[in-house]
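The next block holds one structure in the form of C-alpha cells; read it before the comments.
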Amino acid sequence: MRRYFVRKLITYGITFFSAVTIDWTIPHLMPGNPILNLLANFRIQNQETFNNLYNSYARAFRADLPLWKQYYYFWVSLFHGDLGISFSNFPTPVTLLIQRAAPYTLGLLIPAILLSWYAGNKVGAMAARRKVLDNSVLPVSYALTATPYQWFALVLAWLFAFIWQIFPIGRGYGIGVIPQWSWFFFFDLLKHWFLPFMTLFLVYFGGWAIGMRNMIIYELESDYSHYLEALGAPRRLVRKYAFRNAVLPQVTGLALQLGAVLAGALVTEIVFTYPGLGSLIYRAIINNDYFVIQGTFLLIIIGVLIANFVVDIVYVLIDPRARIGMQGGEA
Amino acid sequence: MKKRAKPAAGEVAAIGTDAALPKSSVSTEPVVTPVEETPPEKKPVKAVSKTANMGALREMLYFAFRNRKLVIGLCLVLFFLLVAIIGPYLALHDPIYNIDGPSAHAPMLHGRYWLGTTPEGLDVFAQFVTGLKLAFVVGLIGGGLAAVIGTVVGFTAGYNGGIVDEVLNMLTNVILCMPVFVVLIVIAAFVHIKGPVPEALIIGMVTWPWAARALRSQTFSLSSREFVSLARLSGENSWKIIFKEIAPNVSSYLFMMFILLFGGAILTATTLDFIGLGPAGSITFGQMMLNAFNDSALLLGYWWWFIPPGLAVMLLVGGAYFMNVGLDEVFNPRLREM
C-alpha cells in the first residue's frame, strides 16, 4: 500500500516538474519572440519608445539573463507564489486574477462532476441488458458525449436565454446586483450558474452512463455472475455485485477524465462569459497576456494533481482489497 | 509456428446458423474483455487453416451486418465522409472570399445558399463542407498518430517488461496526469499553428497515453502465453514476435482504439479552434462556432450558422463511437445481446 502511494507521488512529482518545465520552455525556446509579439499589439511608431519598452519587458521577463538562470528564477518565484503581473489588467498580479476566477470554475466543476458521475453510473447500470432502456439511453448518451461542449453551450444559451428567455446569461451575477449575503443575490447567482452547469452536467453524464453500461455488461457476462445465476440468486443481487465491481474502474476513469472535464468547463465558461478561469484564459489568449496563460496553466496543473490524489485515496477507501492491504494484510 | 485453436463451448452454438463453418476449427477474434478475468484456455488463440479463416471472416461479417449499432454508426460516418468528399464540388461559392451573398440570410432550399449566409455574405454550406473535410483530416492524422505511438509504446512496454516497462509506464502516467487540453492551450498560444496538419500532429502527440496503457496490459498478459514463449524459445527476434504472434490477437482492439482516438482528435480540435487557437486562415467547425459567437449570432438568431457544425461533430463522432460498441459486440461474443 505504501508502495502504491509512493509510486503515485513520484508520478505526480515528475508530472509537476515536467509541467513547470513545459510552461517555462515553450515561451522561451520556440521560434518567435513573445516580447516582439506582444509589442506588435501596441503598434508603436517611434523607434526609441519601442526600444525602451522592449528593454523593460525583457527585464520583466528576465530575458536578459542566461537561460539556466531564467529557469532557476522561474522556480524561485513560483515557490514565492509570484506568477507575474497581468499586462492587460496592469498592475494586477496574476495570482489575484486567478483567485477571483477560480471559485466560479470550482463552483461549476465540482457539482457538475459529482452529480453527473452519480447519475451517469446509476442510469448506465440500469440500462445495461435491459432492452428498451438500453436502446434509448445508449444513443442519447453517445450523442451527449460526442457533443463539443461549446456547441451544447451555444444551443442551450440560444434556446433558454434568447428564445424562451428563462435564464440570463453573461457574467456571474446580474449587472445591477451587488454581491452580498442575501437570498436575492444567492438566487441571482444560481440563475446565472444554472445553464453552464447544465451544459457540463449533460455532456459528462453521457460519458459516465456509457462507461458504466459497458462495464456492467462485462461484469454480468463474467464467471462469477454466471455462477451466482446458476445458484439461483435473484437478478437484483447479481446486478448489485456487478455494480460494485464496475464502479471501481469508473473511479479510476474519473481521474483519467479530469483533464478533459476541465477543458469542457473552460470553453463552456467562454460561451456564457462566466467569470471563471476559462474566460480568464480566453481573454489572456486574445490579449497575448503571457503571464496569465502561464500562471493559470500552473494553477490548473496543481489543481488536477491534487484532484488525482484525492481520487487515489477514494479508490483505496472503496476497494476492499486495497483496504485490507492498508490494515497490514496482504492483498 | 502453428497453433491449434481450442473450440470454446458456447461459441459453437452461437454460430450454428452458419452451415459452411467447419465445426472442428471454430475461431473467433480475441476477446477484448480485461484479460485477467478469463482463464487462458477459454480463449481461442489463432485460426490455422484457410477455411477456418474464411469461416471466421464469414461469421464476423454475419454478425457485423446483423448488429444494428454497427450499421447505424457506420452509415453516419460514411455519410459524412461522402459529404466531405463531394461537398466541396457541390458548394457554389468560396468559403472565405465570396462576399457578394445576401447578408445573414436564412437557409434557402431552392436557392444558391443551402445553409444560408453569414452577416458578411459568406456561404455557410461552403464553410461547412470545408470544416467537415478538415475534421476528417485532423481525426485521421491526429487519431492515426496517437494510435501509432500508443501501439508502439504499449507493445514495447508490455512485451519487454522490466526497466523499459517502468520508464515507458512512468512516461505514460505522467502525460495521463497532465490536463492535456491545457497543455495544448499553452503550446498553441505560443506556437502559432500554421495548418490543420500540424494541429493534428500536436493533438496526436499528446493524446496517446490511455491507448498505450490499455494495450500494454493486453500485451502483458498475451506475452506470458505458451505460443509466445514458444516463439521466443525458437529464437525469433522480439519485433517479429510482437507483429506475428501478438498483434494479430489484438488487431480488433487496435482498430477500436483508433476509432476512439479519431473521435477524440476531432473533439479536441473543435474545442481548440473555438478558443481561437486553431490554424489561422482555415475554416474549421470550431472556427465557425467562434465566428458565430463573436458576431452575436445568438442574439440575432442566426441559428443556421452555429447549429450545423456542432450537429455534424455530434453525429460524426457519436456515430464513430456507436460503431465502436457494435464492433465490440461483433468481436467479442460475450457481449452480444442474447
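The values are calculated or read from the model by the stated rules, or taken from the named source; none is laboratory data. Just so you know, these numbers come straight off a predicted model, no measurement behind them. Glycine also receives a Cβ, built like all others from the backbone with ideal geometry; neighbour counts cover every protein chain displayed. Surface accessibility is based on the protein's heavy atoms, side chains included, excluding ligands, DNA and RNA. Shrake-Rupley method; radii C 1.70, N 1.55, O 1.52, S 1.80 Å.
Tally Lys/Arg at +1 and Asp/Glu at -1 over every other residue whose Cβ is under 13 Å from the Cβ of B:H93; what's the total?
On the way: positive: B:R112; negative: B:D94, B:D100, B:E120, B:D123.
In short, -3.
Give the residue list of chymotrypsin sites (Phe, Trp or Tyr not before Pro) in the range A:262-312 that are DSSP loop and have at most 16 other beta-carbon atoms within 10 angstrom. Hits after loop and neighbour filter: nothing returned.
For the protein assembly as shown, with every protein chain kept in place, what is the accessible area per residue (1.4 Å probe, Å²)? Write down the numbers at each step before the final one.
On the way: 31090 Å² over 669 residues.
Counting only protein heavy atoms, the per-residue value for the protein assembly as shown is 46 Å².
Derived scalar couplings between HN and Hα for the range A:214-225 equal 5, 5, 4, 5, 4, 5, 5, 9, 8, 4, 5, 5 Hz in order, rounded to whole Hz, by the Karplus curve 6.51 cos²θ - 1.76 cosθ + 1.60 (θ = phi - 60°), x for Gly and Pro.
Peptide A:156-163 has a mean of 3 when you count, residue by residue, the C-beta atoms of other protein chains within 10 Å of its C-beta. For the range A:127-134, putting each phi into the Karplus relation 6.51 cos²θ - 1.76 cosθ + 1.60 with θ = phi - 60° gives couplings of 6, 4, 6, 10, 3, 5, 5, 5 Hz, in residue order, rounded to whole numbers and with x for Gly and Pro. Taking all protein chains in place and a 1.4 Å probe, what share, in percent, of the accessible surface of the protein assembly as shown do carbon and sulfur account for? Heavy-atom surface of the protein assembly as shown belonging to carbon and sulfur, 1.4 Å probe: 67 percent. Using C-alpha pairs under 8 Å with a sequence gap of at least 6, the mean separation divided by the residue count of chain A gives a relative contact order of 24 percent.
On the beta carbon distance between A:K131 and A:V314, with R0 = 45 Å, the FRET formula returns roughly 0.85. Between A:T92 and A:Q47, the distance separating the two model label sites (each 7 Å from Cα on the Cα→Cβ line) works out to 3.8 nm. Give the distance, in whole Å, between the Cα centre of the range A:168-215 and the Cα centre of the range A:115-152. Answer, in whole Å: 20.
Taken over the range B:186-261, the convex hull of the Cα atoms encloses 115 Å³ per residue.
Work out, step by step, the length gained on full extension between B:I85 and B:M205: first 0.36 nm times the residue separation, then minus their alpha carbon distance; give nm to one decimal.
Numbers: separation 120, 0.36 × 120 = 43.20 nm, distance 2.66 nm.
Full extension from B:I85 to B:M205 adds 40.5 nm.
Cross-link check: pairs A:K122/A:K240; A:K131/A:K240; A:K8/B:K244 evaluated at a Cα-Cα cut-off of 23 Å; pairs beyond the cut-off: A:K8/B:K244. Between A and B, buried accessible area from a 1.4 angstrom probe totals roughly 5300 Å², ignoring ligands, DNA and RNA.
Using a Förster radius of 41 Å, what is the FRET efficiency between A:W68 and B:N294 based on their Cβ-Cβ separation? Nearest 0.05, please. With a Förster radius of 41 Å, E is 0.45. Once both labels are positioned 7 Å from their Cα atoms along Cα-to-Cβ, the gap between B:D165 and A:F17 label points is 2.4 nm. If you take all other residues with their beta carbon under 14 Å from the beta carbon of B:L122, and give Lys and Arg +1 and Asp and Glu -1, the sum is -4. Shielding by partners for peptide B:264-274, expressed as the average number of C-beta atoms from other protein chains within 10 Å of each residue's C-beta, is 4.
Descending by average beta-carbon neighbour count within 10 Å, the peptides A:214-224, B:180-190 line up as B:180-190, A:214-224, the highest first. Angle of helix A:235-271 to the longest C-alpha principal axis of chain A, folded into 0 to 90 degrees and rounded to 10: 20°. For chain A, the longest principal axis of the Cα atoms and the long axis of helix A:277-286 meet at an angle of about 40 degrees.
Cα centroid distance between the range B:289-338 and the range B:123-146, in Å? The range B:289-338 and the range B:123-146 have Cα centres spaced 13 Å from each other. The distance between label points at B:D100 and A:F162 comes to 3.0 nm (points 7 Å beyond Cα on the Cα→Cβ vector).
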